[in-house]
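Below: one structure, written as structure tokens.
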Amino acid sequence: MIPTDTIDKLEATWRSLSALCAGLDEAQWKLPTDLPGWTVQDNLAHLIGIERVLEGLPTTGHRAPAVAYVKNPIGEMNEHEVDARRGLAGAQVLAEWDALVERRLQSLRNGDDDYFAVPWATPTGPGTLADFLHIRVLDCWLHEQDIRRALGAPGHLAGPTAEHTIDRLIRTLPIVIGKRAGTPEGGAVVFDITGEVPRHLVYEVTGGRAGLVESPSAAPLATISMTTDAFVTLASGRRTADQVDGVSISGDTELGRSVATQLNMMI
């Protein structure tokens, strides 16, 4: 099946990134982001590197120097592509990005069922190219938000791509609430996301596992409420709970803090 909806979301995010970066000066391109060692420009360079792989284009032969924030082979590959473009002006990186976006969209819009059914390794296990692209929406949108936070230019926090990302990140909440935070058997936690992408979620622990329920069997132990931006920032591991505004906890504040401080769902 051709994932038209996924392609639409990718295009919306790519176009939003291009528009956001079009007016940046060189100082803005070099602003640091929440990702260790990466500037605004580096975030876009990273997206270029991955999209080149997906397009079947050659990877860089450049090798970046060893840095402490690179922890694994995937991180090394990413760093090579990023470092290969650090000597360029931001406008040059944007020009490469814009040209690559047009090429990628042509490939995606013209792909048939077989193209998207090709087996592909994804961060969540074996899948197809279509599965990988579904996760790619999240990755591209998160990097757009990294750039926006660095620039002090909030935006694109609503709409299909934002909802797509929030709903993918939510999938890990049962692990956070049941396992990481240690919510006791029979206990329930309410998790509210407010703002652009509102979500009201109630989790109850049964048999040692937290599951989504319509209403708890007893009064919830804790209620955690946070803005859409706060949830995205915490769930993507960009900042810690004490660095983020827009979080409130009622009931068992210790349990609530345990959930909020362990929301990082990114590998």
Checklist line | Peptides ranked, highest mean first, by Cβ atoms within 10 Å: ranges 94-106, 138-150 | finding: 138-150, 94-106
Note to self: Give me Rg/Rg_expected for the chain, where Rg uses Cα atoms only and Rg_expected = 2.2 N^0.38 Å with N residues.
What the structure shows: 1.07
Checklist line | Kirkwood-based shape ratio for the range 2-50, expressed as Rg/Rh from alpha carbons | finding: 1.06
Next item on the list: Please report how far the C-alpha centroid of the range 81-160 lies from that of the range 220-262, rounded to the nearest whole angstrom.
Entry: 28
Check: Which listed residue (Pro154, Ala91, Val244) has the Cα farthest towards the positive end of the charge dipole for the chain, taking +1 on Lys and Arg C-beta and -1 on Asp and Glu C-beta about the Cα centre?
Finding: Val244
Check: Could you give the length gained on full extension between Ala218 and Ser18, defined as 0.36 nm per residue of separation minus the Cα-Cα distance, in nm?
Finding: 67.1 nm
Notebook entry, point to check: Taking the Cα atoms of the range 170-261, what is the range of coordinates along each of the three principal axes, in descending order and whole Å?
Noted result: 32, 23, 22
Check: Just how many % of Cα pairs in the range 1-134 lie over 20 Å apart, if you round to the nearest whole percent?
Finding: 50
Note to self: Need one number: % antiparallel among DSSP beta bridges in the range 129-233, to the nearest 5.
What the structure shows: 65
Checklist line | Unit charges on C-beta of K, R, D, E only; dipole of the range 170-261, Debye | finding: 360
Check: Can you give the Rg to Rh ratio for the range 94-175, taking only C-alpha atoms and Rh from Kirkwood?
Finding: 1.01
Note to self: I'd like the distance separating the alpha-carbon centroids of the range 200-214 and the range 11-72, in whole Å.
What the structure shows: 38
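Each value in this text was obtained by applying a stated rule to the coordinates, not by laboratory testing. Here the structure is a predicted model, which is why all the values come from computation and not from measurement. Positions of Cβ are backbone-derived with ideal geometry, glycine not excepted, and every protein chain shown enters the neighbour counts.
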